[in-house]
Amino acid sequence: MSLSPALTELITYFEPLSTVRRDFRGAVTLYTPGVNVLALNATYLPDADPDRLPLVVAWHQAQEMPALVAAIVPLPGAEVGAVRVGTYHPQAEPGLITVEQVSRLSLPAWVAVLTEAHETPEWAGALARHLAARLEGDPAFTLLLAYAGGEAVGALLWRATPGGGGAAHLWGTLDPAADAPLLNAAHALSGSLGASLPDTSPLSLADEVAVTFHLLEPSAEVLPEG
């Protein structure tokens, strides 16, 4: 079984930002030591094949990393995150937020907003150093910052999609009012936009698919049906 379009979209976006890619029995692992972004440290699974799960867990343990997996099917283990992946179309915004494209020199400030939005400000330094190396010389990525009254309240990393369009799967805001303006600005860069929304977001996506991140236990087994 092949990976779903939603998982493939995430992998396409995040792989250039990762340190290692591993392909195994139809699954894809992105591994990025020293960075706390879930999507950069997960195995993307096409299904819940019980013959694969223990091997995936064993590989993660060998790297001394949590056995974090992403899928669109039910899996054992604790759910630690979820996003909706789909196509974003411009939506109404309050008009009080401005969005600007910023240079790579603004990366530390951009990362500070992103990590604060995800309540992990202690990771700002490590993430900024990692992204600085990954983004250097890569014109596919663009940094956007959202402002309210001169204060930065949102950060988004847009990536041009091979073949046309764009994607936004790494972003966050300190004020929900900045969500739509930030995504609208990303959409304007390419005329079409694949995006991820947290499962709590009131915004909507076309053809959205829920992707969940689970932490597998060493004895991971497939969930019973029904």
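The values are calculated or read from the model by the stated rules, or taken from the named source; none is laboratory data. Model, not experiment: these values are computed from the prediction. No Cβ is skipped: glycine too gets one built from the backbone with ideal geometry, and neighbour counts run over all protein chains shown. Just so you know, the surface numbers come from the protein's heavy atoms only, side chains and all, with ligands and any DNA or RNA stripped out. Shrake-Rupley method; radii C 1.70, N 1.55, O 1.52, S 1.80 Å.
Tell me, which residue of the range 193-216 that is out of contact with any strand residue (DSSP E or B) (no Cβ under 7 Å at 6 or more places or on another chain) and open to solvent by 20 Å² or more (accessible area, probe 1.4 Å) is farthest from Thr43 (Cα to Cα)?
Of all residues in the range 193-216, those out of contact with any strand residue (DSSP E or B) (no Cβ under 7 Å at 6 or more places or on another chain) come to 200-202, 204.
In the following step, the residues that additionally are open to solvent by 20 Å² or more (accessible area, probe 1.4 Å) were identified as 200, 202, 204.
Values: Thr200: 23, Pro202: 28, Ser204: 26 Å.
Only one residue fits best here, namely Pro202.
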> Out of (1) closer than 28 Å to Thr87 by Cβ; (2) in a helix (DSSP H, G or I); (3) open to solvent by 60 Å² or more (accessible area, probe 1.4 Å); (4) touching a helix residue (DSSP H, G or I) at 6+ places or on another chain (Cβ under 9 Å), what's the single condition that is false for Ala188?
Replying inline: (4)
> Which condition number does Asp175 fail, the rest of (1) under 15 Å from the mean Cα position of the chain (by Cα); (2) modelled with pLDDT under 95 being met?
Replying inline: (1)
>> Being touching a residue at least 24 places away in the same chain (Cβ under 8 Å), open to solvent by 60 Å² or more (accessible area, probe 1.4 Å) and not polar (S, T, N, Q) is true for just one of Pro46, Pro54, Pro16, Pro33. Which residue is that?
In response: Pro33
> Which one of these does Pro202 not meet: (1) assigned to a helix (DSSP H, G or I); (2) at pLDDT below 95; (3) not hydrophobic (A, V, I, L, M, F, W, C)?
Replying inline: (1)
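Mind telling me which of the residues Gly86, Gly125 ends up being under 30 Å from His60 (Cα atoms), open to solvent by less than 70 Å² (accessible area, probe 1.4 Å) and outside any strand (DSSP E or B)?
Details: Gly86 fails: outside any strand (DSSP E or B).
The conditions single out Gly125.
Which one of His130, His169 is crowded, with 18+ Cβ neighbours inside 10 Å and more than 18 Å from Gln101 (Cα to Cα)?
Values: His169 fails: more than 18 Å from Gln101 (Cα to Cα).
Matching residue, one of His130, His169: His130.
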>> Taking the conditions exactly as written (within 23 Å of Ala82 (Cβ to Cβ) and touching a Leu at 6+ places or on another chain (Cβ under 8 Å)), does Ala195 satisfy them or not?
In response: yes
> Taking the condition loosely packed, with under 15 Cβ neighbours inside 10 Å and not charged (D, E, K, R), does Val80 pass?
Replying inline: yes
> What do you reckon, is Arg25 at pLDDT below 95, under 15 Å from Leu156 (Cα atoms), surrounded by fewer than 18 Cβ atoms within 10 Å (Cβ to Cβ) and charged (D, E, K, R)?
Replying inline: no
> Any idea which of (1) under 14 Å from Arg21 (Cα atoms); (2) β-branched (Val, Ile, Thr); (3) within 17 Å of the chain's Cα centre (by Cα) is the one Val56 doesn't satisfy?
Replying inline: (3)
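Scan the range 103-114 and tell me whether some residue there is farther than 24 Å from Val35 by Cβ, at pLDDT below 95 and either loosely packed, with under 14 Cβ neighbours inside 10 Å or of a type in the set (Asp, Glu) (or both). Step through it out loud before you land on a result.
Here is the first cut: in the range 103-114, the ones farther than 24 Å from Val35 by Cβ are none.
No, the range 103-114 contains no residue that is farther than 24 Å from Val35 by Cβ, at pLDDT below 95 and either loosely packed, with under 14 Cβ neighbours inside 10 Å or of a type in the set (Asp, Glu) (or both).
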